[in-house]
Amino acid sequence: QVQLVESGGGSVQAGGSLRLSCTASRSILSLYAIAWFLQAPGRDREFVAAISRLSETTEYADSVKGRFTISRDNANNTVYLQMNSLKPEDTAVYLCKTGIRVGTIRTSPGYWGQGTQVTVSS
């Protein structure tokens, strides 16, 4: 069993920045592609960004391109989501998920974390 833990959420004003982290209970993140999703009240869970095992491939939702950057440090078993120019509509719980490939991670089975809350005020 793999347990993912997200951290780094908080409350910021519009235009601000946050950096989210996703780590695992064991040093296994390097075995997986990792994605970030968001869950907002009244909305389906939405894909945000994904990164391949060795960082050679990244994908982003159109809504975050140019503002968010996904990266990873396999030596430290951590994946990051740098969030800049935050908007009120980015307010959500952000969750990380494991996958085999970036191309299928949106719908494939995987391990999920519990999420970290991001609140952006106008």
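The values are calculated or read from the model by the stated rules, or taken from the named source; none is laboratory data. Here the structure is a predicted model, which is why all the values come from computation and not from measurement. Here Cβ is always computed from backbone atoms with ideal geometry, including for glycine, and neighbour counts include all displayed protein chains. Accessible surface is based on the protein model in full, side chains and every heavy atom, while ligands, DNA and RNA are left aside. Shrake-Rupley method; radii C 1.70, N 1.55, O 1.52, S 1.80 Å.
Mind listing whichever residues of region 68-92 are closer than 26 Å to SER122 by Cβ, assigned to a strand (DSSP E or B) and either open to solvent by less than 30 Å² (accessible area, probe 1.4 Å) or in contact (Cβ under 8 Å) with a residue 24 or more places away in the chain (or both)? Selection gives PHE68, ILE70, TYR80, LEU81, GLN82, MET83, ALA92.
In the set (1) modelled with pLDDT of 95 or more; (2) farther than 23 Å from VAL120 by Cα; (3) open to solvent by 60 Å² or more (accessible area, probe 1.4 Å), the condition left unmet by ARG26 is number (1).
Looking only at residues of region 51-67 that are of a type in the set (A, V, I, L, M, F, W, C) and closer than 24 Å to ALA14 by Cβ, we find that the one that is surrounded by the fewest Cβ atoms within 10 Å (Cβ to Cβ) is ALA61. Among LEU95, LEU38, which is the only one that is touching a helix residue (DSSP H, G or I) at 6+ places or on another chain (Cβ under 8 Å) and either modelled with pLDDT under 95 or under 16 Å from SER21 (Cα atoms) (or both)? Going through LEU95, LEU38 in turn, just one is touching a helix residue (DSSP H, G or I) at 6+ places or on another chain (Cβ under 8 Å) and either modelled with pLDDT under 95 or under 16 Å from SER21 (Cα atoms) (or both): LEU38. Which one is nearest to GLU6 (Cα to Cα), of the residues in region 103-122 that are in contact with a helix residue (DSSP H, G or I) (Cβ under 8 Å, 6 or more places away or on another chain) and surrounded by 13 or more Cβ atoms within 10 Å (Cβ to Cβ)? Ranking the candidates gives VAL118 first.
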